[in-house]
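The values are calculated or read from the model by the stated rules, or taken from the named source; none is laboratory data. The shown structure was predicted, so the numbers you read here are calculated from the model rather than taken from an experiment. Quick reminder, even Gly has a Cβ in these numbers, built from the backbone with ideal geometry, and neighbours come from all protein chains shown.
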Amino acid sequence: MSIRQLPEDLINRIAAGEVVERPASVVKELVENSIDAGARRIAVTTANGGMDLIRIVDDGRGMDRDDLLLSVERHATSKLSADDLDDIRTLGFRGEALASIGSVARLAVASRPEGAESGLALVVDNGRRSGPLPQAMNRGTAIEVRELFAQVPARRKFLKSARAEAAAITDVVRRLAMANPEIHFILEGTDRSAANWPGVSGDGALAARLGQVMGGDFVDNAVTLAAARHGVVVAGMAGLPTYTRANSLSQFYFVNGRSVRDKVLVGAVRAAYADYVFRDRFPVVALYLAVDPAEVDVNVHPAKAELRFRDPGAVRGAVIRAIGTALAAAGFKASSSVAD
Ligand code: ADP
Ligand code: MG
């Protein structure tokens with residue numbers, strides 16, 4: 001017989017290659033879990049660019065014993081029912097992050113739900129589980145990932161310097177903070193980029209968060225976007241044409257609360273500024289789109305940074321219109337009127 005079923009831990013390791021590419025992808029998966037768990041405060045600590053340690057502590061709803069045991073199993077998720085792949089509202093939904101991480105690192109998951117007398121902790125060390133055992137802790141979940149890829153040399157070899165990995169972690173946390181102004185984010189241990197951004201709420205919440213993360217300078221030199229068209233709601237802030245950068249690293253795009261990279265959005269911003277900004281300059285933008293979840297496919301890539309719009313033309317039009325209107329109100333008049 002030459003065809004055989006792969007053992008479970010090998011399947012997990014193969015999947016891990018897709019879900020956990022580098023320390024920053026681990027941070028992204030874990031912080032997204034904390035957000036999905038309703039956390040108001042999320043603290044991220046890393047050492048050596050996340051390669052030695054990633055610790056995430058949240059004050060979310062936590063897990064009871066059964067959920068804790070299930071959480072590290074592959075394709076176990078509390079977030080997706082059989083028929084709603086078209087209606088994804090939580091950040092996670094594949095149920096493979098924790099199982100994958102546990103197959104390529106030493107993963108410790110401790111959790112305490114409301115009303116429990118203590119927490120429970122279990123460990124998955126490169127695929128081998130132990131626990132759960134009681135652990136004293138506050139309500140919420142604390143996750144530690146140690147020695148990522150230590151037993152997967154092929155993968156470890158592809159990691160960049162600790163500094164580059166730390167920068168990627170900072171970028172991930174920054175985007176998640178921008179998408180969730182009401183949550184208090186704390187980032188420690190990455191070089192130069194420690195952050196402490198208390199949650200903000202109410203009317204000016206988004207501007208306040210953008211000020212924390214991108215700097216008050218941006219907020220002072222930007223217009224606020226507020227427009228809706230063909231079911232596409234555009235919010236956020238767009239920098240004045242006089243406030244540009246030499247690259248696109250200061251352009252941030254969010255769709256339904258998720259940071260995304262998408263050519264349609266980049267192209268729309270470029271078009272919106274075409275009359276004011278030289279082609280080698282890039283406006284600074286933090287663009288937030290809300291669309292019907294059925295209008296966007298987020299299941300394109302395991303890391304979920306990419307997406308596909310069902311009607312890219314409508315999205316493009318809405319973005320160009322929103323920015324054009326806001327810039328016009330600030331005194332920047334397009335020479336060619338924006339097409340409908
Ligand atoms: P997914 O997020 O796709 O469901 P994960 O492997 O990331 O898959 O997590 C598996 C499950 O573990 C989640 O569905 C959730 O029920 C639980 N879980 C993970 N992290 C947390 C957390 N920080 N707080 C509460 N529950 C969590
Ligand atoms: Mg998840």
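Structure values in brief
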read-out	value
The range 148-161 residues that are touching a residue at least 60 places away in the same chain (Cβ under 8 Å), paired with ones that are surrounded by fewer than 10 Cβ atoms within 10 Å (Cβ to Cβ) and part of a helix (DSSP H, G or I) (beta carbon under 9 Å, 6 or more apart)	PHE149/LYS157
Strands (runs of 3 or more DSSP E) contained in the range 33-150 and holding at least 2 residues away from ligand 2 (no atom under 14 Å from the Cβ), surrounded by 17 or more Cβ atoms within 10 Å (Cβ to Cβ) and at pLDDT 95 or above	41-47, 53-58, 106-112, 119-125, 140-146
One residue from PHE278, PHE254 being within 23 Å of the chain's Cα centre (by Cα) and of a type in the set (Phe, Trp, Tyr)	PHE254
Flag for VAL269 being under 19 Å from GLY313 (Cβ atoms) and among the hydrophobic types (A, V, I, L, M, F, W, C)	yes
THR170 being surrounded by fewer than 18 Cβ atoms within 10 Å (Cβ to Cβ) and either touching a residue at least 12 places away in the same chain (Cβ under 8 Å) or not assigned by TED's automatic domain parsing to the domain that holds ILE35 (or both)	no
Qualifying residue in the range 208-217 (condition: polar (S, T, N, Q), free of Cβ contacts under 8 Å to residues at least 24 places away in the same chain and out of contact with any Cys (no Cβ under 6 Å at 6 or more places or on another chain))	no
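Residue-wise test of (1) in contact with a helix residue (DSSP H, G or I) (Cβ under 7 Å, 6 or more places away or on another chain); (2) among the charged types (D, E, K, R); (3) under 22 Å from GLY215 (Cα atoms).
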site	(1), (2), (3)
GLN251	yes, no, yes
SER259	yes, no, yes
ASP262	no, yes, no
ALA271	yes, no, no
PHE282	yes, no, yes
ASP292	no, yes, no
GLU295	no, yes, no
GLU306	no, yes, no
